[in-house]
Amino acid sequence: MLTVALPKGRIAKETLEIFETIFGDSFKFDDRKLILETPNFRFLLVRNQDVATYVYRQAADIGVVGLDTLEEQGLDVIRLLDLKRGICKVSIGMRNGEKLDFDKPEIKVATKMVNITKRYFEERAVSVDIIKLYGSIELAPLIGLADMIVDVVETGATMKQNGLEVVEDIMTSSTYLIANKNSYIAKKDKILDIYEKINEIIKAEQKA
Ligand code: PRP
């Protein structure tokens, strides 16, 4: 039995579809249920930001989560496979026409990804004042809370509609299959089996 942590929403749906394709079975959560038991798997529906915690603490053997979240949280889990889904960027956004100026004193950066932001500016020896927000990040530069934002950009529509533009990309992210280190040893055959099956599907999709 493998326990699989999935983030609520589109990624969970897409991952369950992959499992359906592999096993020719139906994998669907009942209405508000957070656990789905099948003969070989136990699926858990968790918040995106909690997937790596479940896996790191071995409450789940494997999980599916965005690389951006993994980089932000830095939990020690195995990154097994890039699922080539949920592709987005973590980028710096500013008001239209404004430019990045590392010499400006006291740059204020609003973000929900504090660690990625910290690392990015530290590597460039730029001191910034990081303002942690939990959402609606695009609002911060508009009302003078911050000079810039570091945020996830998928279509770019949110920035555009709020008069912001990307001035620099920090990283590209996509969804990853991850595993707990101990589970990877104790349940190696099962994990490698599902890894190989999912990998075949991803490879076929890439060729199509
Ligand atoms: C992200 C991000 C942006 C938006 C970007 O938030 O914080 O607001 O998506 O997407 P776009 O480039 O396609 O407009 P998300 O909807 O993931 O919600 P969250 O704040 O709960 O993470």
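Mean sequence separation of contacting Cα pairs (under 8 Å, at least six apart), scaled by the length of the range 88-172, corresponds to a relative contact order of 51 percent.
Taking Cα centre as origin and charging only the Cβ of basic (Lys, Arg, +1) and acidic (Asp, Glu, -1) residues, the dipole magnitude of the chain rounds to 440 debye.
Whole number in Å², please: accessible area per residue of the chain, 1.4 Å probe, ligands, DNA and RNA not counted. Before the final figure, lay out each step's value.
Numbers: 11470 Å² over 208 residues.
I get 55 Å² per residue for this part.
The C-alpha atoms of the chain define a longest principal axis, and helix 10-23 lies at about 30 degrees to it. The C-alpha atoms of the chain define a longest principal axis, and helix 114-123 lies at about 60 degrees to it.
What is the Rg over Rh value, at two decimals, for the range 50-98, using alpha-carbon atoms and the Kirkwood definition of Rh?
Checking Rg against Rh, the ratio lands at 1.13.
Across the range 1-79, the mean sequence separation of Cα contacts (distance under 8 Å, 6 or more residues apart), normalised by length, yields a relative contact order of 40 percent. Across the options L75, A110, Y54, the greatest Cα extent toward the positive end of the charge dipole of the chain (unit charges at beta carbon of Lys, Arg, Asp, Glu) belongs to Y54. Taking the accessible area of the range 80-150, probe 1.4 Å, and keeping the other protein chains in place, the carbon and sulfur fraction comes to 50%. log₁₀ I(q)/I(0) of the range 1-99 at q = 0.12, 0.21 Å⁻¹, via Debye over equal Cα point scatterers, no solvent, to two decimals? The Cα Debye sum returns log10 ratios of -0.43, -1.11. Taking all protein chains together, E200, E106 sort by accessible area into E106, E200, largest first [probe 1.4 Å]. A crude spin-label estimate for the pair E14 and D193, with each label 7 Å from Cα along the Cβ direction, gives 2.6 nm.
A 31 angstrom limit on the alpha carbon distance is what I want to check against. Which of K118/K190; K108/K181; K89/K207; K160/K181 exceed it? Working shown, then result.
Details: K118/K190 38 Å; K108/K181 38 Å; K89/K207 23 Å; K160/K181 41 Å.
Check vs 31 Å cut-off fails for K118/K190; K108/K181; K160/K181.
Which semi-axis lengths, in whole Å and largest first, follow from the square roots of five times the eigenvalues of the Cα gyration tensor of the range 17-165? Mind showing how you got there, number by number?
On the way: eigenvalues 267, 59, 34 Å².
Semi-axes, largest first: 37, 17, 13 Å.
Per DSSP H run of at least 4 residues, take -39500 (n - 2.57); add these up for the chain, divide by its residues and hand me the 222 nm value, nearest 500 deg cm²/dmol.
-10000 deg cm²/dmol
Computed over the range 88-172, the P(r) curve from all C-alpha pair distances, binned at 5 Å from the origin, holds 3, 17, 29, 30, 16, 5, 0 percent per bin.
The values are calculated or read from the model by the stated rules, or taken from the named source; none is laboratory data. These numbers were taken from a predicted model, which means no experiment stands behind them. Note that each Cβ is placed from the backbone with ideal geometry, even for glycine, and that neighbours are counted across all protein chains shown. Accessible surface areas use protein heavy atoms only, side chains included; no ligands, DNA or RNA. Shrake-Rupley method; radii C 1.70, N 1.55, O 1.52, S 1.80 Å.
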